[in-house]
1. Taking every eigenvalue of the Cα gyration tensor of the chain, multiplying by 5 and rooting it, what semi-axes result, largest first, whole Å?
2. Which of C129, C234, C147 moves the most in a Gaussian network model of the chain with Cα springs under 10 Å?
3. Please list the non-local residues whose amide H lies under 5 Å from the amide H of V218, H modeled 1.01 Å from N, same-chain partners needing a gap of 5 or more.
4. Shape of the range 76-230 from its Cα gyration tensor (a ≥ b ≥ c, root eigenvalues): rounded if a/c is under 1.5, otherwise prolate when a/b > b/c, or oblate?
5. What's the extension gain from D34 to R140 if we count 0.36 nm per residue and subtract their Cα-Cα distance?
6. What figure in square angstrom, to the nearest 10, would you give for the accessible area of H242 with a 1.4 Å probe?
7. To the nearest 0.05, how large is the calculated FRET efficiency for Q87 and A43 if R₀ is 35 Å and r is the Cβ-Cβ distance?
8. How high is the relative contact order of the range 77-145, in percent, counting Cα pairs under 8 Å that sit 6 or more residues apart?
Amino acid sequence: MAHATGYFTHRACWQHDMGAGHPECPERLDAIEDRLLLTGLDAALERREATPAALADLELAHDRLHLAALRGLADTLKEDIAAGGPQRAQVDPDTSMNVHSWEAILMAAGAAIDATDAVLAGELRNAFCAVRPPGHHATRRQAMGFCFVNNVAVAAKYALERHGLKRVAIIDFDVHHGNGTEDIIEGDERILMCSFYQHPFYPAWTHSTAKNMVNLPVPAYTRGMDIRELVETCWIPRLDEHRPQMLFVSAGFDAHREDDMGQLGLVEQDYAWLTERIQAVADRHAQGRVVSCLEGGYALDALARSVEAHLRALAGV
């Protein structure tokens, strides 16, 4: 139904596991699922199972050699395990793959592509992808920061190249800067990227001043009301000027005040407000079309409550 909110996921996203104690863990998805069942919100969503992304679609955002290296690492890992080697292959100090990671990577990006297809076909009004691994730190040529393939950047490029849209927007409200997304879309004026993030913080380098970027670095301990003011004064006018035909959201919930991964002070009501403002832009310019993908959020209870708030605002319930 065109007025429904889609919920895309796949069991493969649970199988990617970077080891005991790692904050980017399968239990994140369990927490979200449990919350949806507990609150009854599950009944208001149209659940769909993701299909794997095609390599040709991933290449819209990523270098072919980067993808080949990830796939090769997965194949080598299987051989190493069979020979009694380690269960994981390290990609960077805090990012690793297990034998299931490549399938999870394909399904996470595939969910974003499937959601884009369904929303543009008018089957759904908007959609949320409950997927992992996350994506917004993955650059065109590099996996890093728990991310391998940039799900949102792939979906945005897919909407432009495969569906012929002229203008889209990416909104990123994770506590960390979406450096990977920026690397992929910098200078592509078909895509406007609006973000806020804690700074100085990971990743620690200069951020782009390209015309298609609205970067809002904020200091630690910034609270929700200050973020709301920045969104109203800096994001919304630029989004209205850009008139995106579809909006994509890097939905990280680690700016929550209970999440130790960062030091910002947002709460569930802030995520609901942000989502309502994003949806209002989509209603004005994009026939309501929004595709949102899970990024960060590591305090499980706060994550689950925040995703609930986000989904209620998307679904209008």
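The values are calculated or read from the model by the stated rules, or taken from the named source; none is laboratory data. Treat the numbers as computed from the prediction; the structure is a model and nothing was measured. In this analysis, Cβ positions are derived from the backbone assuming ideal geometry, glycine residues included, and neighbour counts consider all displayed protein chains. Heads up: the accessible areas ignore ligands, DNA and RNA and are worked out on the full protein's heavy atoms, side chains in. Shrake-Rupley method; radii C 1.70, N 1.55, O 1.52, S 1.80 Å.
1. Values: eigenvalues 148, 88, 85 Å².
For the chain, the ellipsoid semi-axes come out as 27, 21, 21 Å.
2. It is C234.
3. The answer is Y197, Q198, H199.
4. Details: a/c = 2.02, a/b = 1.27, b/c = 1.60.
Note, shape of the range 76-230 comes out oblate.
5. Working: separation 106, 0.36 × 106 = 38.16 nm, distance 3.44 nm.
Full extension from D34 to R140 adds 34.7 nm.
6. Taking all protein chains as shown, H242 has close to 30 Å².
7. Numbers: r = 38 Å, r/R0 = 1.10.
With R0 = 35 Å, the Cβ-Cβ based efficiency is 0.35.
8. On the way: 56 pairs, mean separation 19.7, N = 69.
Once divided by the residue count of the range 77-145, the mean separation gives 29 percent.
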